[in-house]
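Read-outs: derived from the displayed coordinates by stated rules, not from any lab. This one's a predicted model, so the numbers in the text were calculated from it and none came from an experiment. Every residue, glycine among them, receives a Cβ derived from its backbone with ideal geometry; neighbour counts consider all protein chains shown.
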Amino acid sequence: MVKMRGAEAVVSSLQKEGIECVFGLPGVQIMQLYDAFHGQEDIRLITTRHEQAAAYMADGYVRTQNAPTAAALVVPGPGLQNASAGIGTAFACSSPVLTLAGQIDTAVIDKGFGHIHEIENQLDVIRPIVKWCDQVTLPQNIPTAIHTAMTEMKSGRPQPTVIEIPPDTLAAEEDITLSPPAQYHRQVPEPESIIKAVKLLAEAKQPLIWVGGGVLRSGASQELQQLAEATNIPVVTTPEGKGAIREDHRLFGGVGYFGHGPASWYTPKADVILAIGTRFTDQMRGLTALKPPQQLIHIDADAGVIGRNYPAKIAITADAKEALLALQAISGQHHWQEKWTPQERQIITEESDAWLNEHAPLQRKIIQDIQTVVDENAIIVPGLTNVGYWSHLYYKVLHPYCYHTPSYYGTLGYAFPFALGAKLAAPNQQVICLSGDGGFAYCLSELATAVQHAINVIAMVFVDDVFGASNVDQQIRFNNRIIGTELHNPDFVKLAKAFGARGLKATPDTIQTSLNEAISYNQPTIIEVKMPVLPSPARITPRTA
């Protein structure tokens, strides 16, 4: 037990929990915390230019390291509300991001007196997008609250947590006992369900493994590959599952996205599907959507999502790594023939490639040119932009945690600040974000953050002067009645230089040259790429056969 201020208890607790970086904006209710960070060297404090960016950057850091090693820090009221888009993105992506939020003084909380940044029942605002949240009004309870938040994020499905602390609690000095660091708690599967699952897979005519981001969150890429090799079952993934298995592996089947991609050839042919760490969201449509009489073995750390979008024949609530290890342990009791012939798989590859070439040839060229230039372990952050959408289907990810999406949350503007957090988490890896002109403008002020802290991300900004997906929607569904979707843009190269960053102009034909030049700078760089308006995968009707 040591006498310390509440704010010092926060910092000491974060240090014990392994937090390496905190992203935030200062404000009156959290200045005690800023003071407590002064003079210590264990945690890096990065001041962003918007609370939304603080949450995105923390998410980028956490997902790149696949561990809750970063946090966001915001004032109450508008600060927490601004951060909510980033917190919601982390929730959708099962990312364990801790947010520390200020409050007004304890005596006036929820009284409605009109104190600065006051919002009544503040935690109710973010409760739908967090796994756990709490208010702490006694300094001696701070270590327990942070320990609980970290334990929640290291148990079951990892999702964000929020703790709000009033300024008088941060300022008060008490005898405080720090908590030990939280430990991971991985749920193991029921043995009987594993036995049934292996039997069903072994008896299937054409089994298929569908993988989502849960395999990555569990750190189970190696176990996935080992099971696929032991059983000779092809693996297809969601965009969030990219990197769970090398995309040049002989058993990688491809990605499914809005009914498109190689997975839309595999899925209808499969009679038994093993789904691991995926919810089968609305992106699973057309031929990538499961249909009777297909039988589903559904494994997820969150029992609430199992069977939600398609009934599960066998439901297994467990950590993905533990489940894969259990499946592999008894797979040797069966003889596994290759149920998908090489000829059949080759036809799928040829037909899906032809479809992609027909519908997105320019995007394919751009994405392949990017892949040609960047390192094998480069981190790609595709934003809500046309090239970003198509990269789900074209870009080949060869390592875990090198490709990050906002999942179903579809958060416009997340890509650049997320990429900044990713670069801080992996300073020796190239980090490239693929942004549209509309999305990049959400957080372009973070160019100042990038320059100030030498966060050398390359932002490729694809400029078509419209909110592309919505503009194409108007063209297709609303008889070309265009309103509210056209943009007036700055010169992004001049903008970059105004912030002290580098800027380059490129065309789809000069991607390789410009990207090589940007990499050579080793500075924050914008590459402005002029593009035509093109349809996204979501605006193309999926195949029906």
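Could you check the spin-label model distance between residue 269 and residue 308? Points 7 Å from the Cα along Cα→Cβ, value in nm.
A separation of 3.1 nm, rounded to one decimal place.
Report the extension gain between residue 196 and residue 226 in nm, rounded to one decimal, defined as 0.36 nm multiplied by the number of residues separating them, less their alpha carbon distance.
Net length gain for the segment: 8.9 nm.
Set the Förster distance to 30 Å, then compute FRET efficiency between residue 140 and residue 445 from the Cβ-Cβ distance, nearest 0.05.
On the way: r = 39 Å, r/R0 = 1.29.
Calculated value: 0.20.
Rounding to the nearest 20 debye, state how big the charge dipole of region 272-358 is about its Cα centre with +1 on each Lys and Arg Cβ and -1 on each Asp and Glu Cβ.
Working: 8 positive and 11 negative charges, 80 e Å.
It comes to approximately 380 debye.
Could you tell me which residue out of 7, 115, 72 lies farthest along the dipole of region 2-176 toward its positive end? Charges go on the beta carbon: Lys and Arg +1, Asp and Glu -1, centred on the Cα centre.
Positive-most Cα among the choices belongs to 72.
Name the residue from 307, 202, 515 whose Cα lies farthest towards the positive end of the charge dipole of the chain, charges +1 on Cβ of Lys and Arg and -1 on Cβ of Asp and Glu.
The one lying farthest along the dipole's positive direction is 202.
Where in the chain is the longest stretch that carries no GluC sites (Glu not before Pro) classed as loop by DSSP and with at most 15 other Cβ atoms within 10 Å?
121-337
Which number comes out as Rg/Rh for region 191-346 once both Rg and the Kirkwood Rh are worked out on C-alpha atoms?
Over the Cα atoms of region 191-346, Rg/Rh equals 0.91.
Between their Cα atoms, which of 497/530; 269/365; 269/291 are more than 20 Å away from each other?
On the way: 497/530 18 Å; 269/365 30 Å; 269/291 11 Å.
Table pairs above 20 Å Cα-Cα are 269/365.
Assuming R0 = 41 Å, can you tell me the calculated FRET efficiency for the pair residue 107 and residue 184, based on Cβ-Cβ distance, to the nearest 0.05?
0.60
In whole Å, what is the distance between the alpha-carbon centres of region 186-219 and region 37-97?
Computed from Cα coordinates, the inter-centre distance equals 33 Å.
Net charge near residue 121: determine it from the other residues with C-beta under 15 Å of the C-beta of residue 121, scoring Lys and Arg +1 and Asp and Glu -1.
-4
DSSP loop trypsin sites (Lys or Arg not before Pro) in region 473-545 with at most 13 other Cβ atoms within 10 Å of their Cβ, which ones?
481
Tell me which of 501, 359, 160 sits at the most positive position along the dipole axis of the chain, charges placed on C-beta atoms (Lys, Arg +1; Asp, Glu -1).
With unit charges placed on the Cβ atoms, the residue in question is 359.
For a label point 7 Å from the Cα of residue 347 along Cα→C-beta, name the residues of region 514-545 whose backbone N is under 17 Å from it.
544-545
About its Cα centre, what dipole magnitude does the chain give when the only charges are +1 on Lys and Arg Cβ and -1 on Asp and Glu Cβ, stated in debye to the nearest 20?
Value, rounded to 20: 1320 debye.
Run through region 225-319 and list the trypsin sites (Lys or Arg not before Pro) located in a DSSP loop whose Cβ has at most 12 other Cβ atoms within 10 Å.
Listed in order of number, the matching sites are 250.
Taking 2.2 N^0.38 Å as the expected size of a compact globular protein, what ratio does the Cα radius of gyration of region 2-176 give against it, to two decimals? Walk me through the numbers on the way to the answer.
Working: Rg = 14.4 Å, N = 175, 2.2 N^0.38 = 15.7 Å.
Against the compact-globule rule of thumb, the ratio is 0.92.
Dipole size in debye (nearest 20) for region 191-346 around its Cα centre, Lys and Arg Cβ +1, Asp and Glu Cβ -1?
Rounded to the nearest 20 debye, it is 340 debye.
Using mean Cβ contacts within 10 Å as the protection proxy, how do 184-191, 456-463 order, highest first?
Peptide ranking by packing, descending: 456-463, 184-191.
Taking the alpha-carbon centroid of each part, what is the distance from region 222-258 to region 322-338 in angstrom?
Answer, in whole Å: 16.
Counting only the backbone N, which residues of region 417-455 are under 19 Å from the spot 7 Å out from the Cα of residue 522 toward its beta-carbon?
423-432, 450-455
Quick one: if you stick a label point 7 Å off each Cα along the C-beta vector at residue 465 and residue 329, how many nm between them?
6.3 nm
For region 400-536, what is the convex hull volume of the alpha-carbon atoms per residue, in Å³?
Output value, Cα hull per residue: 117 Å³.
Classify region 355-478 as rounded, prolate or oblate from the Cα gyration tensor: take a ≥ b ≥ c as the square roots of its eigenvalues, call it rounded if a/c is under 1.5, otherwise prolate when a/b beats b/c and oblate if not.
Numbers: a/c = 2.08, a/b = 1.28, b/c = 1.63.
Cα axes put region 355-478 in the oblate bin.
Computed on alpha carbon atoms, what radius of gyration and Dmax characterise region 224-308, expressed in Å?
Reported Rg and Dmax, both Å: 12.2, 33.
Report the FRET efficiency, 1/(1 + (r/R0)^6), for residue 249 and residue 38, where r is their Cβ-Cβ distance and R0 is 60 Å, rounded to 0.05.
With R0 = 60 Å, the Cβ-Cβ based efficiency is 0.80.
What number comes out for the charge environment of residue 176, summing +1 per Lys or Arg and -1 per Asp or Glu over other residues with Cβ under 13 Å away?
Local net charge: -1.
On full extension of the chain, what length is gained from residue 2 through residue 494, given 0.36 nm per residue of separation minus the C-alpha to C-alpha distance?
171.8 nm
How far apart, in nm, are the 7 Å Cα→Cβ label points at residue 480 and residue 545?
Here the answer is 3.2 nm between the modelled labels.
Run the helix sum for the chain: -39,500 (n - 2.57) per DSSP H stretch of 4+ residues, divided by residue count, reported at 222 nm to the nearest 500 deg cm²/dmol.
It comes out at -11000 deg cm²/dmol, rounded to the nearest 500.
Under Stokes-Einstein, with the Kirkwood radius over Cα pairs standing in for Rh, what whole-number D in µm²/s applies to the chain at 25 °C and 0.890 mPa s? Please list the in-between numbers first.
Working: Rh = 24.3 Å.
In µm²/s, the coefficient is 101.
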